[in-house]
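Trainee: Once you've had a glance at the structure underneath, I'll fire off some questions.
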Amino acid sequence: MPGRMPVDCRAGAVASSSTVTKQGFLALAPQYTSTSELLSAAARRRGMEVEVLGGAPTVGRGAHYYGGPGFAARVADDLGIALLEPSDDWLATLPYAYTGRHIAMSTLSEARRLSRPAFVKPPREKSFPAAVHPTGAGLPPGPDGPVLISEVVTWAAEFRLYVLDGEVRTGSQYSTFGRLDAEPLEGHRHEAAVREFAAGLLAACGDGLPGAVVVDVGRLAAPDSGAEWAVVEANMAWFSNCYAADPDRALDVVLRSAGPRTALAGRDRRFCRHIEDAAPAG
């Protein structure tokens, strides 16, 4: 895995301007995804230019970005963008009422000593696949780093929510019992329950998240106590699959999550961090 590459998030660290539309432009990493296609179409509908980056990126004010962190590390300074990410330990700091399971922030070396089944995942850079491990002995080799360790649960349904300033703008179911099952949140039979849970979560714990972020929540299958809602994880909006979410509303969140440093809100400066190679969120 490449070493961590610093990204200067100071508002003044912006490259010289080139000609762009008043709405700015959307810069895409070269790797094609279905989400990049949906967001490109949404951007063009509102009069934005879209540029698939190859060699040297366009420099100038008004840039926004969608794509992988590894590529972002190489172009963020030229584009003058601030990339917002949730903190590594946000999930582990949530009250049990919002997680439905015990979660601890630890290290890979500590996780390798586990003698019980546990769900283990890197908090954000996805250096190895998130999975249930019977013991820690089966964890992959590699350098030590932070991991989240949680109790094993079964998700009856999982939803991706695009959150802007504490409000769910759009969302999508993406999985049922671990199988891909995309369906828009709007009109979903669980929409009211998802929104009610998310509203309570964001009111209580939203200060610990960037102003533009993706939050995954799910319905726990718990035979002993019945189903309940809980947080799955939080991810950067600029590298998340939108599944069946409304791409126009999702774009609002993406643009804020990876936009001009000159427009970076003061509350979000602590979420503009160094980045490194990672796998897509979902």
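The values are calculated or read from the model by the stated rules, or taken from the named source; none is laboratory data. Computed from a predicted model, the values in this text were never measured in an experiment. As a convention, Cβ positions derive from the backbone with ideal geometry for all residues, glycine included, and neighbour counts pool all protein chains shown.
Trainee: Just to be sure before I move on: is residue 172 outside the structural domain of residue 237 (by TED's automatic domain parsing) and touching an Asp or Glu at 6+ places or on another chain (Cβ under 9 Å) in the structure I sent?
Mentor: For residue 172, the condition - outside the structural domain of residue 237 (by TED's automatic domain parsing) and touching an Asp or Glu at 6+ places or on another chain (Cβ under 9 Å) - is not met.
Trainee: To continue, here is another question. Give me the strands (runs of 3 or more DSSP E) completely within the range 90-162, filtered to those with at least 2 residues that are under 30 Å from residue 39 (Cβ atoms) and of a type in the set (D, E, K, R), ordered by residue number. Write out each step before concluding.
Mentor: Working: elements: 103-107, 118-121, 131-133, 146-150.
Counting at least 2 such residues, we get no strands (runs of 3 or more DSSP E) at all.
Trainee: Have a look at 169, 160, 124, 112 and point out the one that is touching a residue at least 40 places away in the same chain (Cβ under 8 Å), surrounded by 14 or more Cβ atoms within 10 Å (Cβ to Cβ) and in contact with a helix residue (DSSP H, G or I) (Cβ under 7 Å, 6 or more places away or on another chain).
Mentor: 169
Trainee: Search the range 46-86 for residues being under 15 Å from residue 28 (Cβ atoms), in a loop (DSSP other than H, G, I, E, B) and modelled with pLDDT of 95 or more, and hand back the single one that is farthest from the chain's Cα centre (by Cα).
Mentor: Filtering the range 46-86 for residues that are under 15 Å from residue 28 (Cβ atoms), in a loop (DSSP other than H, G, I, E, B) and modelled with pLDDT of 95 or more, the one farthest from the chain's Cα centre (by Cα) comes out as 48.
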